[in-house]
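Read the structure below first, then the notes.
The values are calculated or read from the model by the stated rules, or taken from the named source; none is laboratory data. Because the structure is a prediction, the values reported are computed rather than measured. Every residue, glycine as well, gets a Cβ built from its backbone with ideal geometry; the counts of neighbours run over all protein chains shown. The accessibility values were calculated without ligands, DNA or RNA, using every heavy atom of the protein model including side chains. Shrake-Rupley method; radii C 1.70, N 1.55, O 1.52, S 1.80 Å.
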Amino acid sequence: MESYDYDLIVIGAGSGGVRAGRIAASHGAKVAVIEKDRPGGTCVIRGCVPKKLLVYGSSFAHELTDAKGFGWQISGVQHDWSSLISAKDIEIDRLEGIYRNLLKNSGVNLISGAAKLAGPHEILVNDKTISAKRILIAVGGMPTILDIPGMAENAITSNEALDLNELPETIVIHGGGYIALEFAGIFAALGSKTHLIYRSNFPLRGFDENVREHIAECLVDRGVILHPQTSITKVEAESGKQTIWLNTQETIIADQILSATGRKPNTHSLGLDEVGIKTGPVGQIIVSEDAQTSVPSIYAIGDVTDRVNLTPVAIGEGHAFADSFYGDNPRVMSYDMIASAVFSQPPIACVGISELDAIQQGKKIKIYESRFRAMKNTISGRQEKSYMKLVVDAETDKVLGAHMVGPDCAEIMQGIAIAMKMGATKSDFDATVGIHPTAAEEFVTMRSPSR
Ligand code: NDP
């Protein structure tokens, strides 16, 4: 029998890697996790968590506006960007500490350094080779920057946007996906003149078409300047300002340009080719259902595999991996009915398929929709409407998709996802008594299909 330094070495101490490492250790495995940056990874250090804190911080602006209609007399209110950033940094430091402790308390050896694969069982880190029976790659992804003149030199990405020294007076955000919309919400709420530039007719390609249209209207109402079907041809910097050239012949002068045109697997320095790990067109590691790469002793989970790029999915994949190989409980991650949310302002949440997906899958469907002004918006005077949609299989009555744009939709959608994962039908929704008065009750009171 060959002997190795560890049963398992995980590369990457993000959400997926940490979960895999500590569950494997709890099952009795000898585990090391290697991390070149801060434990916590994209989600905790430079993604979901700091972003959500800035979403919370900025959304008070809308609350303050709405409060006036309810009798609050508010004057002289100011926001201090640097206080928000410092508070956010303190919280991220705290969470990093928790991640370190989680690993320590489960007996995992955290190694600080950049890992490079040196063989099917070997890793080079800090000029030393260490070995393991199995290696798990969980290094996540990184922002891409498009090959547009001046973009790479002048644009920031979501990484830097979370740590700016000053709130930009004007910001241009390139892209119409998750990150673009979330940062548009943050900067616009805090008072930056915010331009969103994207190539499609509506933001969020892949989301339900009505949701896309609806969020575009809401973004305009919340002060975001939309530039649909537009591309950037050049970025030039002079005296601390950026000039952004558009294909429409317009130019925008901004303090910052944020590139939010997607992310790519973080595989460039791992030495994948040298050990023969197969990758796909965007550099993603190709894995089997149980996370195995083309090298049998090496596995991969999370964004580096570019399947469903969401933190809870990476965590689920890491947990399934650890249970399968160290817990005597072989299982694979279920990708069915994964709910997700975009923390734009207002937010968007969905689970299941869109109306268009259902049509393209040849399903006979019924669509139930509701567009309504939330009760809070009556007295506040805010004209914004919420939107809800259920996509229902006309033959089986099963709810195939649930979609919402509106306050609290992410919190609402989690419960809907449980019902849909259990195979809920529209009749089950109808038989559920609503909680009154809430927005959520609309999901159980939509009686007549709109088509
Ligand atoms: P997305 O894939 O969501 O969006 C990328 C955007 O960039 C799209 O609008 C896309 O346009 C545009 N784009 C891509 N290539 C080009 C190009 N060549 N020219 C012009 N525009 C282009 O990526 P994000 O970076 O926003 O986020 C990455 C992933 O991270 C998400 O998909 C999601 O999985 C995850 N994430 C999840 C969050 C959450 O759960 N709340 C938050 C943030 C990130 P088009 O649509 O036309 O292709």
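Calculate for the chain the 222 nm mean residue ellipticity that helices alone would give, adding -39,500 (n - 2.57) per DSSP H run of length 4 or more and normalising by residue count, nearest 500 deg cm²/dmol.
My calculation for the chain gives -9500 deg cm²/dmol from helical runs alone.
Tell me which residues come under 5 Å, amide H to amide H, from Ile338 once H is placed; ignore anything under 5 positions away on its chain.
Result for Ile338 returns Gly352.
Report the local net charge at Glu395: Lys and Arg +1, Asp and Glu -1, summed over other residues whose C-beta lies under 11 Å from its C-beta.
With Lys, Arg at +1 and Asp, Glu at -1, the net is +2.
Please report, ordered by residue number, every helix of the chain (full DSSP H runs) that is 20 Å or longer along its axis going by C-alpha atoms and whose mean Kyte-Doolittle hydropathy reaches -1.0. Don't jump to the answer; show the numbers that get you there.
Working: long enough: 48-69 (32 Å, 0.04); 81-105 (36 Å, -0.31); 311-326 (22 Å, 0.27).
Counting only whole DSSP H runs, the qualifying helices are 48-69, 81-105, 311-326.
With a point put 7 Å past each Cα toward its Cβ, work out how far Ser450 is from Asp66 in nm, to one decimal.
2.1
Taking a probe of 1.4 Å, how large is the accessible area per residue of the chain, in Å²?
Accessible area per residue: 47 Å².
Go through Ala300, Ser259, Val342 and say which Cα lies farthest out towards the positive end of the charge dipole of the range 257-349; charges sit on Cβ, +1 for Lys and Arg, -1 for Asp and Glu.
Looking along the dipole axis, the top candidate is Ser259.
With the cut-off at 1.5 for a/c, could you classify the range 137-253 from its C-alpha gyration tensor as rounded, prolate or oblate?
Working: a/c = 1.33, a/b = 1.17, b/c = 1.14.
Verdict is rounded for the range 137-253.
Quote the relative contact order of the range 1-50 in percent (integer), defining contacts as alpha-carbon pairs under 8 Å separated by 6+ residues.
That works out to 39 percent.
Could you work out what % of the accessible surface of the range 336-384 is carbon and sulfur, using a 1.4 angstrom probe and leaving DNA, RNA and ligands out of the count?
Within the range 336-384, the accessible surface is 52 percent carbon and sulfur.
Ranked from the most accessible area to the least, with a 1.4 Å probe and all protein chains present, what is the order of Lys363, Lys385? Show your work: numbers first, answer last.
Details: Lys363 75, Lys385 100 Å².
So, going from the largest accessible area down, we get Lys385, Lys363.
Can you tell me the dipole magnitude for the chain around its Cα centre, using point charges on the Cβ only (Lys, Arg +1; Asp, Glu -1), in Debye to the nearest 20?
The dipole magnitude comes to about 500 debye.
Which of the trypsin sites (Lys or Arg not before Pro) found in the range 90-172 are loop residues per DSSP with 12 or fewer other Cβ atoms within 10 Å of their Cβ?
The qualifying sites: there are none.
Based on the mean of other Cβ atoms within 10 Å per residue, sort peptides 433-441, 161-169 so the most packed one is first.
161-169, 433-441
Quote the relative contact order of the chain in percent (integer), defining contacts as alpha-carbon pairs under 8 Å separated by 6+ residues.
After rounding, I find 16 percent.
Counting only protein heavy atoms and a 1.4 Å probe, tell me what percentage of the range 261-311's accessible area is made up of carbon and sulfur.
50
First check a/c for the range 33-187, with a ≥ b ≥ c the square roots of the eigenvalues of its C-alpha gyration tensor; if it is under 1.5, answer rounded, and if not, answer prolate when a/b is larger than b/c or oblate otherwise.
Verdict is prolate for the range 33-187.
Report the label-to-label distance for Glu441 and Ser106 in nanometres (one decimal), using points 7 Å from each Cα along the Cα→Cβ vector.
It works out to 4.3 nm between the two label points.
Any chance you could run the full-extension gain for Arg205 through Asp357? It's 0.36 nm times the residue separation minus the Cα-Cα distance, nm to one decimal.
Full-extension gain reported as 53.5 nm.
I'd like to know which of Gly191, Leu117, Asn159 lies farthest towards the positive end of the charge dipole of the range 95-201, counting +1 on Cβ of Lys and Arg and -1 on Cβ of Asp and Glu.
Leu117
Does the chain come out rounded, prolate or oblate by the C-alpha gyration tensor, with a ≥ b ≥ c the root eigenvalues, rounded set by a/c under 1.5 and, if not, prolate when a/b is larger than b/c and oblate if not? Intermediate values should be presented prior to the final figure.
Values: a/c = 1.79, a/b = 1.30, b/c = 1.39.
Because a/c hits 1.5 or more and a/b fails to exceed b/c, the chain counts as oblate.
Highest mean first, what order results for 387-393, 66-72 on Cβ atoms within 10 Å?
Working: 387-393: 24.3, 66-72: 11.9.
With the highest mean Cβ count within 10 Å placed first, the list reads 387-393, 66-72.
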